[in-house]
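A short write-up of the structure that comes next.
The values are calculated or read from the model by the stated rules, or taken from the named source; none is laboratory data. Please read all numbers here as calculations on a predicted model, not as lab measurements. Here the Cβ is made from the backbone with ideal geometry for all residues, glycine too, and neighbour counts use every protein chain on show.
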Amino acid sequence: MPANFRSLFDLAGKVAVVTGASRGIGEAIARGLAEFGARVVLSSRKQEGVEAVAEDIRQSGGEAAAVAAHMGETEAIGRLVEKTTALYGGVDVVVNNAAVNPVYGPLLEAGEEAFQKIMRVNVQGPLELARRLHPLMAARGGGSVINISSIGGISPEPDLALYSASKAALINLTRAMAREWGRDGIRANVICPGLVETKFSAALWQDEVVLQRFLGKVALGRIARPEEVAGLAIFLASPAGGYCTGGVFTVDGGTTI
């Protein structure tokens, strides 16, 4: 029995890569990991966005670097891995949060281009980044892969069919990582948020009709805050979550009960 349970959440000396970290859930996770001692590499498509967050973390006493990378571009993912390795020599935690959803509406109105973009960024990107970071984590004795899915991956959300399909694929991809990489000391878990108050989901929670439709299914009767998702990510990244792998965790206020 450990003498200090607080130490189970200590991430001092750990290196974490967080994608989609310029705002919303990704930003909250990056800030949370840094507050618990991790050296954080923040990534998103635009350098200025993640640099602003990284600088704020540094001003608060944390250690952070910003590396722009588009998760739909294999070469950009490779550069992210290379720069992270050059900065810190290895990686212990990867949080695949970056995602896109260029269409909102029925399947009959969704084109091939939208499908390919969604799958490339939401599924192929996380796989590519995790595969490239696998040997770095294994070399350090193990690590933690945290993929951010959605409750839409458990049950398709209205007018979000392609996005929901990509998030369902990410759930099973995570479980496959857990099964195949466990012997390397690498854990893989997936977080499925419900509706969260972020810019990414603004079209949903800023529309009063749509919002009330969602809230009618939420046991807690409200939408989530980004830091409420970050808290679970900190647990899964830390020794406190050391026996959790292959888990599908919902942060949805009771929507999927």
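Overview of values
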item: Complete set of residues in region 82-109 that are among the hydrophobic types (A, V, I, L, M, F, W, C), crowded, with 18+ Cβ neighbours inside 10 Å and over 28 Å from Gly141 (Cβ atoms); result: Ala99, Val100, Val103
item: Filtered residue count, region 88-134, keeping only those that are under 19 Å from Glu75 (Cβ atoms), assigned to a helix (DSSP H, G or I) and not aliphatic (A, V, I, L, M); result: 11
item: Subset of region 39-94 [among the hydroxyl-bearing types (Ser, Thr, Tyr) and within 17 Å of the chain's Cα centre (by Cα)]; result: Ser43, Ser44
item: Extreme residue, modelled with the highest pLDDT, among residues of region 209-224 that are assigned to a helix (DSSP H, G or I) and under 24 Å from the mean Cα position of the chain (by Cα); result: Leu215
item: Yes/no for Arg6 being of a type in the set (Lys, Arg) and more than 22 Å from Ile148 (Cβ to Cβ); result: yes
item: Candidates Leu220, Leu173, Leu160 - the one that is touching a Leu at 6+ places or on another chain (Cβ under 7 Å) and either within 27 Å of Pro102 (Cβ to Cβ) or without any contact (Cβ under 8 Å) to a residue 40 or more places away in the chain (or both); result: Leu173
item: Condition met for Thr198 (hydroxyl-bearing (Ser, Thr, Tyr), part of a loop (DSSP other than H, G, I, E, B), touching a helix residue (DSSP H, G or I) at 6+ places or on another chain (Cβ under 8 Å) and crowded, with 20+ Cβ neighbours inside 10 Å); result: yes
item: Pick from region 207-257, criterion hydroxyl-bearing (Ser, Thr, Tyr) and farther than 15 Å from Ile151 by Cα, ranking: surrounded by the fewest Cβ atoms within 10 Å (Cβ to Cβ); result: Tyr243
item: Qualifying residue in region 100-109 (condition: more than 21 Å from Gly24 (Cα to Cα) and among the charged types (D, E, K, R)); result: yes
item: Residues within region 38-52 that are outside any helix (DSSP H, G or I), without any contact (Cβ under 8 Å) to a residue 40 or more places away in the chain and crowded, with 24+ Cβ neighbours inside 10 Å, tallied; result: 2
item: Scan of region 8-37 for residues that are in a helix (DSSP H, G or I) and on the phi > 0 side of the Ramachandran plot, ordered by number; result: Gly24
item: Filtered residue count, region 53-74, keeping only those that are surrounded by 16 or more Cβ atoms within 10 Å (Cβ to Cβ) and out of contact with any Lys or Arg (no Cβ under 9 Å at 6 or more places or on another chain); result: 2
item: Answer residue from region 100-130, given it is over 18 Å from Ala16 (Cα atoms) and either hydroxyl-bearing (Ser, Thr, Tyr) or under 13 Å from the mean Cα position of the chain (by Cα) (or both) and is modelled with the lowest pLDDT among those; result: Tyr104
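Conditions (1) of a type in the set (Gly, Ala, Ser); (2) farther than 27 Å from Gln116 by Cα, marked per residue:
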position	(1), (2)
Leu42	no, no
Glu55	no, yes
Ala66	yes, yes
Ala69	yes, no
Lys83	no, yes
Val91	no, yes
